[in-house]
Structure formats: structure tokens, C-alpha cells
1. If you roll a 1.4 Å probe over segment 39-148 with all protein chains in place, what percent of the accessible area is carbon or sulfur?
2. So what is the relative contact order for segment 39-148, in percent, with contacts set as C-alpha pairs under 8 Å and at least six apart?
3. Ranked by accessible surface with a 1.4 Å probe, highest first, in what order do Leu38, Leu99 come?
4. Any idea of the accessible area per residue across segment 39-148, 1.4 Å probe, to the nearest Å²?
5. May I ask for the equivalent-ellipsoid semi-axes of segment 39-148, computed as the square root of five times each C-alpha gyration tensor eigenvalue and listed largest first in whole Å?
6. Under the rule of at least 5 residues apart or a separate chain, name every residue whose amide H is placed under 5 Å from the amide H of Ser75.
7. Skipping prolines and chain starts, which residues have an amide H placed within reach, meaning under 5 Å, of the one on Gly101, given they are 5 or more residues away or on another chain?
8. Would you mind checking which residues have amide H under 5 Å from Asp57's amide H? H placed 1.01 Å from N; only 5 or more apart, or other chain.
Amino acid sequence: MAAALLHKFTMKTRVFLLVLAVFSCALAQVEESETDELQVETLVKPETCSVLSTMGDTLQVHYTGKLMDGQLIDSSLSKDPLVLVLGKRTVIAGLEQSLIGVCEGQKIKATIPSRLAYGKKGYPPTIPGDATLEFEVEVISLSPQAQWQKIINDVFPLVCFALVPTLLGLVGLYLYKKANAQKLSKKKSKDKKSKNK
């Protein structure tokens, strides 16, 4: 009877530990996913916000970047505002993504996961690996992309995409014709030699 009770107790303990382990893993995964996504909070939004930023727009911003423990990593407050064109990847991906859909005069706070910042390697010695960053950004000015710029940015890559295979085809055709012309000239010279004999 004691052996059966011990076996029953052990089985209940095993099930309990298994449920506890599954629950702990699920909880850890929820906590990880919360810090794994870009989070953008609006701190100040102007009363009139008629033009929202989109890819290709030029922004002038002041920013302050910190580690999650509050350690300052960079700031533009003592310098001229940072000028950036959305889509040109001149800043970390998370910061650029957080600036899409903002308007002039807006101030945001972006919590950027490491995968959208400096990743596993970090940026030694200032930013350790796998560091989540927090940026407060104020949009000083927003200049929408001009229509001709939009056409160039949208159409030019397609034209280039079409031109590359066309140019490669023309080079191939040229080389093919050149190779065949050499074969024909060799064949003609062989025919002349055989006729001369």
C-alpha cells in the first residue's frame, strides 16, 4: 500500500512539475515578446496634424537615446537637429520605423528592441549586446517628398530591374555573333586552302 501511495504521489508530483514548467515557459515567452516589439508612445501631439510622415520624407529631429537603465548613449540636444530621409537607413531600423506616421511638432518615446537596434553585438563600448534602447524624439520639421522624387524612387528601380536583363541579353547576343563570325571566317579560310591545293 505504501508503494502504491508513493507511486501515486510521484505521478501527481510529475504532472504538477510538468504543468508548472509549461506555465513558466509560457510566461517567459509573453515577457520576451513584450520587449521584442517596437513600442511607440506619443508624448506631445500638435493640435493640427495634417501631414503625416511617409517613406521618402525628410525630417529634422532632436533625439535623446538611452539604455533601459537610464544611461545616456547619445543626444542631439546640444547640436543641430539630425536630418534624415525616411527609407535611406541612416539611423537604426527601430528609430526609422517609429518616425513613420508622425507630424511636425510631435514628440514620441520609442522603445526599440535589440533586433531593430544594434542586435547581439551591440555597439561597444557604449551599447552592450542585446540592449533594448529608449529614444525620445521631437520632430522639428517635416518636408514631404516632392512628386518627382517619388517617381524617381518608385520608377527608377523598376527601370533598372528591366535594364539589367536587357543589357545582359545584348552582351550575350554580341558574344554569340562574334563567336559565330570567327567560326565562319575559319571555315572560309579552310575552304580557300582546300581549293588552292
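The values are calculated or read from the model by the stated rules, or taken from the named source; none is laboratory data. Every value quoted in this text rests on a predicted model; they were computed, and no experiment measured them. Note: accessible area is taken over every heavy atom of the protein model, side chains too, but ligands, DNA and RNA are not part of it. Shrake-Rupley method; radii C 1.70, N 1.55, O 1.52, S 1.80 Å.
1. 51 percent
2. 37 percent
3. The ordering from most to least exposed comes out as Leu38, Leu99.
4. Accessible area per residue, segment 39-148: 57 Å².
5. 24, 15, 12
6. Long-range HN contacts for Ser75: Gly65.
7. Hits under the 5 Å cutoff: Ser53, Thr54.
8. Placed amide hydrogens put Leu86, Gln145 under 5 Å from Asp57.
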